[in-house]
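Quick note: the coordinates plus some simple rules give every number you see, no bench work behind them. Keep in mind it's a predicted model, so treat the numbers as computed, not measured. No Cβ is skipped: glycine too gets one built from the backbone with ideal geometry, and neighbour counts run over all protein chains shown.
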Amino acid sequence: MGHTEIIALARGVETGSLGPLKNPITIAGGGLAGLSLGIALQSRGVAVTLHEASAYPRHRVCGEFISGVGRETLANLGIADCLNDATRLQSASWSDSEGQLAEMQAPGRGISRWKLDDHLQRQFVSLGGGLVTNSRIAPASGVIWAAGRPRQPSPWLGLKCHARKLPLTHDLEVFTSPGGYRDVHVHSQVSRGTQKCLQGLIRFEFLRS
Ligand SMILES: Cc1cc2nc3c(=O)[nH]c(=O)nc-3n(C[C@H](O)[C@H](O)[C@H](O)COP(=O)(O)OP(=O)(O)OC[C@H]3O[C@@H](n4cnc5c(N)ncnc54)[C@H](O)[C@@H]3O)c2cc1C
């Protein structure tokens, strides 16, 4: 699918006018982008087959801080209910080795990708979407590419873990350093308390030194 057709598709989802788009759609990648689009299309009567290279549920090395997405956008996409479990996040701070650089209000939602991707795939399937897991497909004409970052060698290493009983001053705390960055934020409430997500990017050169 070319650039022009993708813009037409996005406009059609936004305005609810997908009249000419009645042919089945194939999407590569069942992350946030692919599943959200799949749900939006299926709920507007466009048949979608989505290929995902892995299976659900699964962890992703991702900060799990979703910002800048309003209730209206989530409702238009048909995914608002998938975020019902999310924690409301409000405050953020940035620091370096010298101390705090800034703090601000940063409305967002925190939820693990384990939960969110699983909620989204269930929603997609419940709408009649065709989901093919453990299926890594190649780019081809007519396939919408939602496969995340390209697979290519990089000096960056992403790390993530979930922790309990970690004191925070803000919902999102970002620490920068010459060797990469670490950020820490509350991402979800679980029955035994508040879970926090620690994650960061580290350059291999930094790890070697
Ligand atoms: C360390 C780190 C921290 C981050 N923190 C945040 C954050 O706090 N907030 C935020 O909004 N974003 C964050 N991001 C970015 C985040 O990863 C993206 O916002 C989000 O994952 C993008 O969603 P996506 O659907 O485009 O891609 P992805 O979530 O990466 O999904 C792509 C999917 O495509 C599948 N796939 C790949 N190739 C194929 C193929 N050939 N065929 C079929 N399936 C395929 C993959 O298995 C995957 O499930 C972070 C990223 C990193 C690396």
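Applying the Karplus parametrisation 6.51 cos²θ - 1.76 cosθ + 1.60 with θ = phi - 60° to the phi angles of the stretch 156-163, what ³J(HN,Hα) value in whole Hz is obtained for each residue in order, glycine and proline being reported as x?
For the stretch 156-163, the Karplus-derived couplings read 8, 10, x, 10, 8, 8, 9, 9 Hz, x marking Gly and Pro.
Near the amide H of Ser135, under 5 Å away, which other amide H atoms are found, from residues 5 or more places off or on another chain, if H is placed in the peptide plane?
Glu52, Ala53, Ser54
I'd like to compare 133-145, 73-85: which one has the highest average count of other Cβ atoms within 10 Å, and what's the full order after that? Walk me through the numbers before you get to the answer.
Working: 133-145: 12.5, 73-85: 16.3.
Those peptides, ordered most packed to least, come out 73-85, 133-145.
Please label the shape of the stretch 37-84 as rounded, prolate or oblate, based on the square roots a ≥ b ≥ c of the eigenvalues of the alpha-carbon gyration tensor (a/c under 1.5 means rounded; beyond that, a/b larger than b/c means prolate, else oblate).
Judged from the Cα gyration tensor, the stretch 37-84 comes out oblate (a/c at least 1.5, b/c at or above a/b).
Provide the per-residue ³J(HN,Hα) series for the stretch 105-122, in order, calculated from phi with Karplus coefficients 6.51, -1.76, 1.60 and θ = phi - 60°, each as a whole number of Hz, with x at glycine and proline positions.
Rounded to whole hertz, the list is 7, 9, x, x, 10, x, 7, 6, 5, 3, 6, 4, 5, 5, 4, 5, 5, 5.
Name the residues whose placed amide hydrogens come within less than 5 Å of the amide hydrogen of Ala106, ignoring near sequence neighbours (fewer than 5 apart) on the same chain.
Ser91, Ala92
Could you go through the stretch 85-102 in sequence order and give the Karplus-derived ³J(HN,Hα) for each residue, using 6.51 cos²θ - 1.76 cosθ + 1.60 with θ = phi - 60°, rounded to whole Hz, and x for Gly and Pro?
Residue by residue, the stretch 85-102 yields 7, 6, 7, 6, 10, 10, 10, 9, 9, 10, 9, 10, 5, 7, x, 6, 9, 6 Hz.
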